[in-house]
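What follows is a short report on a single structure.
The values are calculated or read from the model by the stated rules, or taken from the named source; none is laboratory data. Keep in mind that what you see is a predicted model, and the values were worked out from it rather than measured. Here Cβ is always computed from backbone atoms with ideal geometry, including for glycine, and neighbour counts include all displayed protein chains.
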Amino acid sequence: MAGPLEGIRVIEVASWMFIPSGGSVLVDWGAEVLKVEHPETGDPQRGLITSGLLPGGPDGVNFMVEQPNRGKKSIGIDIGHPDGHEALMTLVETADVFVTNYLPPVRRKLGIDTDDIKARNPDIVIARGSGQGSQGPDAEKGGYDGASFWARGGVGSAMPTGKDGWPQGQPTPAFGDVMGGLTTAGAIAAALVQRERTGHAPVVDVSLLATAMWQISPMVVASRLFGFDRLPSSDRKLSPNPGVATYRTRDDRFISLILLQSDKHWAEFAQCLAAPDLVDDPRFADSTARAEHNTACIERLDELFGAHDLDHWKQVLADFSGVWTPFQTLGELYDDPQVIANGYLPTMTTGGGQDVQLVASPAQFDEAHITVQRAPEHGEHTEVVLAEAGIDWDRLAEMKASGAIL
């Protein structure tokens with residue numbers, strides 16, 4: 001089944017994870033994405049060492065390239081070379097979308113700023129990813145997700161501090177980048193709808209700072225209303241609803257319990273836990289009583305959950321109508337029946353013949369599972385794509401000899 005963006009061509013002049021991850025979403029939705037990379041250096045993401053994990057990985061799998069670049073075509077072009085610049089502009093004339101995270105001074109220097117692109121294709125949608133937004137005193141400054149998203153955007157302040165009051169680091173590499181990429185892909189799709197309906201092709205801007213603030217928007221709003229600068233620390237035993245909490249099992253695993261309407265599920269919950277006192281004890285009989293005696297109720301639940309391993313609770317809570325779930329490890333995601341049934345970890349085959357599961361972007365259309373293909377080798381599609389754009393083979397040979405293309 002064709003994706004909703006089938007027939008849409010995207011030119012991606014971007015590096016690292018933020019905008020390229022958005023490009024991978026567009027590929028998942030059916031678009032053709034041409035990834036433009038410098039002939040010599042390529043996307044620096046290809047050589048990044050992340051969290052001590054070497055870019056080649058086991059069996060030569062560069063997971064930090066495969067995940068955000070699967071299914072794209074790599075075009076090796078030196079945009080700074082006059083012939084390379086013209087080759088890019090030739091592709092721009094064939095495209096629906098131009099997406100970049102290059103800083104404004106770099107775009108101006110290379111002649112690929114908004115006016116340059118629009119001059120060659122007035123109907124193209126332009127999407128720009130930035131650290132802090134397209135306006136203001138820091139609009140031309142760089143930013144990574146660890147800075148613009150996690151630190152400046154307030155996400156780090158929304159998390160409990162670590163030892164000695166130090167702010168915690170991001171829980172995973174590219175934590176803010178992939179959220180910003182998904183936002184960018186959605187904004188591009190909306191811009192394409194606007195172009196179709198009105199004839200106007202807008203310029204889209206997405207920043208890591210704005211993405212962060214949206215991610216924690218309830219707390220941003222509450223901070224001004226209630227006068228706090230960071231999320232206040234709290235004692236879990238003082239929660240007004242013991243049915244919304246995290247509990248530790250005997251084997252040091254954790255269960256998230258989310259009983260927002262606790263009275264609706266409480267009797268069934270007590271039966272599953274084989275703890276009639278949760279209903280019979282007047283301190284725990286209803287939500288009002290549990291809020292008044294929250295510490296005692298949570299301590300009782302701590303005792304109950306701590307008496308058995310996680311496997312026990314998986315069995316006795318399997319048919320419980322309330323919402324609960326174990327905190328899963330990364331490895332357990334591969335065996336989660338819902339992940340499997342919905343195709344959330346599709347398999348692709350690398351150039352070396354290695355089967356690797358990647359994470360699908362979260363949206364599905366008509367319940368069709370996302371399929372993925374490997375990320376391209378550096379400059380793998382240069383000659384074929386440029387030839388299709390009308391550049392003859394003799395000219396391509398000249399450009400290759402001059403270093404304008406790979």
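Out of segment 329-364, which residues are of a type in the set (Asp, Glu) and surrounded by 11 or more Cβ atoms within 10 Å (Cβ to Cβ)? Residues satisfying the conditions are Glu332, Asp336.
The residue that is modelled with the lowest pLDDT, among those in segment 143-183 that are under 25 Å from Gln67 (Cβ atoms) and acidic (Asp, Glu), is Asp145. The one condition from (1) surrounded by 12 or more Cβ atoms within 10 Å (Cβ to Cβ); (2) assigned by TED's automatic domain parsing to the domain that holds Gly322 that Asp205 does not meet is (2). Within segment 70-113, restricting attention to residues that are part of a helix (DSSP H, G or I) and of a type in the set (Lys, Arg), the residue that is surrounded by the fewest Cβ atoms within 10 Å (Cβ to Cβ) is Lys109.
Scanning segment 213-227 for residues that are of a type in the set (Val, Ile, Thr) and part of a helix (DSSP H, G or I) returns Val220, Val221.
Remark: pairs (first residue in segment 328-354, outside the structural domain of Ile255 (by TED's automatic domain parsing); second residue of a type in the set (Lys, Arg) and surrounded by 14 or more Cβ atoms within 10 Å (Cβ to Cβ); Cβ separation under 8 Å; 6+ apart in sequence or on different chains) = Met348/Arg70; Met348/Arg374; Thr349/Arg374; Thr350/Arg374; Gly351/Arg374. So, in segment 365-384, of the ones that are buried (at least 20 other Cβ atoms within 10 Å of the Cβ) and of a type in the set (A, V, I, L, M, F, W, C), which residue ends up modelled with the lowest pLDDT? Among those residues, the one meeting the criterion is Ala375. Any idea how many residues of segment 134-166 are hydrophobic (A, V, I, L, M, F, W, C) and more than 20 Å from the chain's Cα centre (by Cα)? Residues meeting the conditions: 2. Just to verify a result, which residue in segment 1-25, among those that are more than 13 Å from the chain's Cα centre (by Cα) and among the β-branched types (Val, Ile, Thr), is surrounded by the fewest Cβ atoms within 10 Å (Cβ to Cβ)? Going through the qualifying residues, I end up with Ile8. Determine whether segment 236-244 contains at least one residue that is assigned to a strand (DSSP E or B), within 28 Å of the chain's Cα centre (by Cα) and not aromatic (Phe, Trp, Tyr). Scanning segment 236-244, I find at least one residue that is assigned to a strand (DSSP E or B), within 28 Å of the chain's Cα centre (by Cα) and not aromatic (Phe, Trp, Tyr), so the answer is yes.
Let's see how each residue does on (1) in contact (Cβ under 8 Å) with a residue 40 or more places away in the chain; (2) under 22 Å from Leu26 (Cα atoms); (3) not charged (D, E, K, R):
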{"site": "Ile112", "(1), (2), (3)": "yes, yes, yes"}
{"site": "Asp116", "(1), (2), (3)": "no, no, no"}
{"site": "Asn121", "(1), (2), (3)": "no, yes, yes"}
{"site": "Val125", "(1), (2), (3)": "yes, yes, yes"}
{"site": "Ser130", "(1), (2), (3)": "yes, yes, yes"}
{"site": "Ser134", "(1), (2), (3)": "yes, no, yes"}
{"site": "Ala139", "(1), (2), (3)": "no, no, yes"}
{"site": "Gly143", "(1), (2), (3)": "yes, no, yes"}
{"site": "Ser148", "(1), (2), (3)": "yes, no, yes"}
